[in-house]
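Colleague: Sending over a structure as structure tokens; questions will come in a sec.
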Amino acid sequence: MALSDAPSPMIGDRPPGSSEPSRREQIYRVAGRLFSERGYHATSMRDLAAELGIQGGSLYAHISGKEELLSEIVQRAARQFDEALFSLRTEDLTPQERLREAMSRHLTVIAENMETATVFFHEWKHLSPEPLSAVISWRDGIEAFYRELIAQGVEAGVYRLDLNIKMAANLVLSSVNWAYTWYRPGGQLSPQDVAASFEQMLLSGLEQPVLEKPIREKK
């Protein structure tokens, strides 16, 4: 099963017609904040219970343990990226527009979910082997998606023919992924501003140089 296809344990947990988050949803939200602030290992079930104002044993009526929380947070983040990015494959855009839009959407997911993104990119390595393997497969898939976008540009003749597609994809992907370490929502730069800046700095190095026409001497 692909990571982003994993079923969410929260389905059906909220009473019909209720606008308030369910107790399980509250637990996931608090876990995401504490894991992002303190780290997965430094956050105990007792810490979670204290933040929620409940007894520690009450948590186990809703979740099996701390790793279930980490696994679900990671799965949620993967689904958000998948939903934002993969629809670009069918949109009528030029190769440069598609890659630029991918970067913008990638950054928007991070900006709108900073706590989840921090856990996703920094704490995933604490998962046990099976969910960890799913994360690694997902990351490989996202890298392949960016390689696909860049390869389309090479084939269309807008990116350099001698481009190392794998290295270029890793450079672009690393740039947008690491935004969670420094980007602050509500600042002067929107995700779209950052994507535009990245485009100017990174994508110009991918594009074919514009050949200048020779200047003819006046007779």
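The values are calculated or read from the model by the stated rules, or taken from the named source; none is laboratory data. Keep in mind it's a predicted model, so treat the numbers as computed, not measured. All Cβ positions, even for glycine, are placed from backbone atoms using ideal geometry, and neighbour counts span all protein chains on display. Accessible surface areas use protein heavy atoms only, side chains included; no ligands, DNA or RNA. Shrake-Rupley method; radii C 1.70, N 1.55, O 1.52, S 1.80 Å.
Colleague: Taking the mean number of other Cβ atoms within 10 Å as a proxy for protection, how do you rank 46-59, 77-90 from highest to lowest?
Modeller: On the way: 46-59: 14.3, 77-90: 16.6.
So the order, starting with the most tightly packed, is 77-90, 46-59.
Colleague: Before anything else, pin down the relative contact order of the chain: Cα pairs under 8 Å, at least 6 apart, normalised by residue count, whole percent.
Modeller: RCO, the chain: 23 percent.
Colleague: Okay, next question. What is the P(r) of region 15-128, as percent of Cα-Cα pairs per 10 Å bin from 0?
Modeller: 13, 37, 28, 15, 6, 1
Colleague: If you don't mind, another one. Could you please state how large a percent of the accessible area of region 79-219 is carbon and sulfur, counting protein chains only and using a 1.4 Å probe? Write out the running numbers ahead of the final one.
Modeller: Values: 4500 of 8370 Å².
That share works out to 54 percent.
Colleague: Same structure, new question: What order, most packed first, do the peptides 153-162, 188-197 have when packing is the mean number of other Cβ atoms within 10 Å of each residue?
Modeller: On the way: 153-162: 14.3, 188-197: 16.0.
Taking the mean over residues of other Cβ atoms within 10 Å, the ranking is 188-197, 153-162.
Colleague: Counting each DSSP H run of 4 or more residues in the chain as -39500 (n - 2.57), what helix-only mean residue ellipticity at 222 nm follows after dividing by all residues, to the nearest 500 deg cm²/dmol?
Modeller: Values: 8 runs with 124 residues, N = 219.
When only DSSP H runs of four or more count, the value is -18500 deg cm²/dmol.
Colleague: Related question: Among residues other than LYS166 whose Cβ falls under 13 Å from its Cβ, what is the net charge (Lys/Arg +1, Asp/Glu -1)?
Modeller: On the way: positive: ARG147; negative: ASP140, GLU143, GLU148.
With Lys, Arg at +1 and Asp, Glu at -1, the net is -2.
Colleague: In degrees from 0 to 90, rounded to the nearest 10, what is the angle of the helix 66-85 Cα long axis to the longest principal axis of the chain?
Modeller: 30
Colleague: Per residue Cα convex hull volume for the chain, in cubic angstrom? Mind showing how you got there, number by number?
Modeller: Working: hull volume 37.5 nm³, N = 219.
Hull volume over Cα atoms, normalised by residue count, gives 171 Å³.
Colleague: If one computes the Cα centroid of region 131-159 and of region 66-127, what distance in Å separates the two points?
Modeller: Using only Cα atoms, the two centres lie 13 Å from each other.
Colleague: Where the convex hull is taken over the Cα atoms of region 99-219, what is its projected area averaged over directions, in nm²? Write out the running numbers ahead of the final one.
Modeller: Numbers: hull surface 41.3 nm².
Over all viewing directions, region 99-219 projects a mean Cα-hull area of 10.3 nm².
Colleague: Okay, next question. Taking a probe of 1.4 Å, how large is the accessible area per residue of region 82-193, in Å²? Walk me through the numbers on the way to the answer.
Modeller: Working: 5730 Å² over 112 residues.
Dividing the accessible area of region 82-193 by its residue count gives 51 Å².
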